[in-house]
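Shown next, in structure tokens, is the structure this report addresses.
Read-outs throughout are calculated quantities, based only on the coordinates presented, and are distinct from any laboratory measurement. Since the model is a prediction, treat every value here as computed from it, not as a measurement. All Cβ positions, even for glycine, are placed from backbone atoms using ideal geometry, and neighbour counts span all protein chains on display.
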Amino acid sequence: MKVTKAVIPAAGLGTRVLPATKSMPKEMLPIVDKPAIQYIVEEAVHSGITDILIITNRGKGLIEDHFDRVPELEARLTSGGPEKEKILKEIVDISHMANIYFVRQKETRGLGHAVNCARSFVGNEPFAVLYGDDVIIGEDPACAQLIRAYEEFGLGVLGVKEVTAEAITKYSSLKVDNIHDNYYKCTDMVEKPTPDKIMSLFSILGRCILTPDIFDILDSTSPGAGGEIQLTDAMGTMARSKGMVAVDFTGTRYDMGNKLGIMQASVEVALKHPEIGDAFRQYLKEVSKTL
Ligand code: UTP
């Protein structure tokens with residue numbers, strides 16, 4: 001079955017980026033001139049996704065506004081002459097990229113709980129999950145790479161990368177065996193492992209393809225690390241029973257949930273930006289002389 005639906009959980013509290021995220025959703029933090037969540041929606045659309053459910057909560061109305069039309073702004077840009085035409089098209093296109101739906105996670109009970117809010121949207125189809133604070137930039141969209149693996153193996157798929165032994169305790173660790181190239185069979189995983197529980201340095205970074213049986217598993221998953229219902233715990237049950245496939249995807253992943261990740265994304269995207277890239281490179285060279 002083709003993967004045409006995606007879920008973007010964006011209902012976290014973003015406590016690592018306070019005070020910026022006190023009233024502003026972290027998913028709306030800009031990378032140069034686009035909010036993080038727009039990069040994620042574009043990745044999904046470029047991967048063949050047509051229907052997207054964004055999981056929000058109180059105070060995240062700005063995300064809904066971003067994917068809506070803004071008649072007053074559009075009218076102003078229309079009368080702004082040819083140079084405003086390009087930006088007008090961009091603004092209007094944002095609201096036509098895909099069918100975008102919203103549902104609220106009423107309590108912040110973890111990523112697994114957020115994904116479980118997508119049950120009726122998903123129905124009986126495989127679906128992609130793109131974490132709302134993980135922006136991945138690359139030639140071949142990460143989500144598309146995972147969808148191809150789903151089409152090859154018919155199992156749930158995890159987007160993974162190797163991280164350092166120090167970093168992995170903050171993420172997840174996977175038990176994997178190579179299948180071929182960058183494809184691995186995953187038969188177990190653990191969220192936020194203590195050093196003695198590390199199974200490999202492969203960690204899930206922001207993308208997966210799940211089959212709808214994950215919902216029954218989530219229903220019976222007890223709160224794990226941090227007292228939250230962890231998606232990793234539910235996927236661990238799936239990996240141990242029927243196995244999953246891990247794809248060491250290409251592309252650069254930026255963690256928009258922490259301050260350093262936000263700065264890395266801004267600097268690297270700005271350097272390649274058609275409008276400001278050259279001037280920003282010049283500026284960085286000057287600044288680096290003073291470091
Ligand atoms: P994080 O683990 O980064 O949690 O969530 P957080 O609450 O957003 O951030 P901190 O740790 O307080 O700074 C990973 C993804 O899961 C979503 C987040 O929005 C983010 O996209 N999430 C997390 C939910 O949608 N609901 C939750 O209950 C928890």
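Just for the stretch 226-267: of the residues that are free of Cβ contacts under 8 Å to residues at least 40 places away in the same chain and under 30 Å from TYR283 (Cα atoms), which one is nearest to the ligand (Cβ to nearest atom)?
Ranking the candidates gives GLY261 first.
Pick from the stretch 1-28 the residues that are assigned to a helix (DSSP H, G or I) and in contact (Cβ under 8 Å) with a residue 60 or more places away in the chain: which of them is nearest to the ligand (Cβ to nearest atom)?
Only one residue fits best here, namely ARG16.
Of all residues being of a type in the set (D, E, K, R) and over 28 Å from VAL3 (Cβ atoms) in the stretch 29-64, which is farthest from the ligand (Cβ to nearest atom)? Just the residue, please.
My answer is ASP33.
Identify all residues within the stretch 208-233 that are over 27 Å from ALA44 (Cα atoms) and assigned to a loop (DSSP other than H, G, I, E, B); write none if there are none.
SER220, THR221, SER222, PRO223, GLY224
Write out, first by first residue and then by second, each pair whose Cβ atoms fall under 6 Å of each other, whose residues are 6+ apart or on separate chains, and whose first residue, in the stretch 99-120, is without any contact (Cβ under 8 Å) to a residue 60 or more places away in the chain while the second is within 12 Å of the ligand (Cβ to nearest atom) and in a loop (DSSP other than H, G, I, E, B).
From the stretch 99-120, the pairs are VAL103/CYS117.
Rundown of residues vs (1) over 24 Å from GLY48 (Cβ atoms); (2) of a type in the set (D, E, K, R), yes/no style:
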site: ILE63; (1), (2): no, no
site: GLU74; (1), (2): yes, yes
site: GLY80; (1), (2): yes, no
site: CYS117; (1), (2): no, no
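Go through (1) buried (at least 18 other Cβ atoms within 10 Å of the Cβ); (2) at positive phi one by one and return the number of the condition GLY227 breaks.
Status for GLY227: all satisfied but (1).
Kindly provide the set of residues from the stretch 114-138 that are within 15 Å of the ligand (Cβ to nearest atom), assigned to a helix (DSSP H, G or I) and closer than 19 Å to MET238 by Cβ, ordered by number.
ALA114, VAL115, ASN116, ARG119
Considering only the stretch 247-291, state which residues are among the hydrophobic types (A, V, I, L, M, F, W, C) and in a helix (DSSP H, G or I).
Correct list: LEU260, ILE262, MET263, ALA265, VAL267, VAL269, ALA270, LEU271, ALA279, PHE280, LEU284, VAL287.
Does the stretch 58-72 contain any residue that is among the basic types (Lys, Arg), in contact with a Pro (Cβ under 8 Å, 6 or more places away or on another chain) and under 23 Å from LYS259 (Cβ atoms)?
Yes, because at least one residue in the stretch 58-72 is among the basic types (Lys, Arg), in contact with a Pro (Cβ under 8 Å, 6 or more places away or on another chain) and under 23 Å from LYS259 (Cβ atoms).
Out of (1) of a type in the set (Lys, Arg); (2) closer than 13 Å to ILE137 by Cα; (3) in a helix (DSSP H, G or I), what's the single condition that is false for ARG240?
(2)
Taking the stretch 260-291 only, how many residues are hydroxyl-bearing (Ser, Thr, Tyr) and within 21 Å of GLN38 (Cβ to Cβ)?
Of the residues in that region, 1 qualify.
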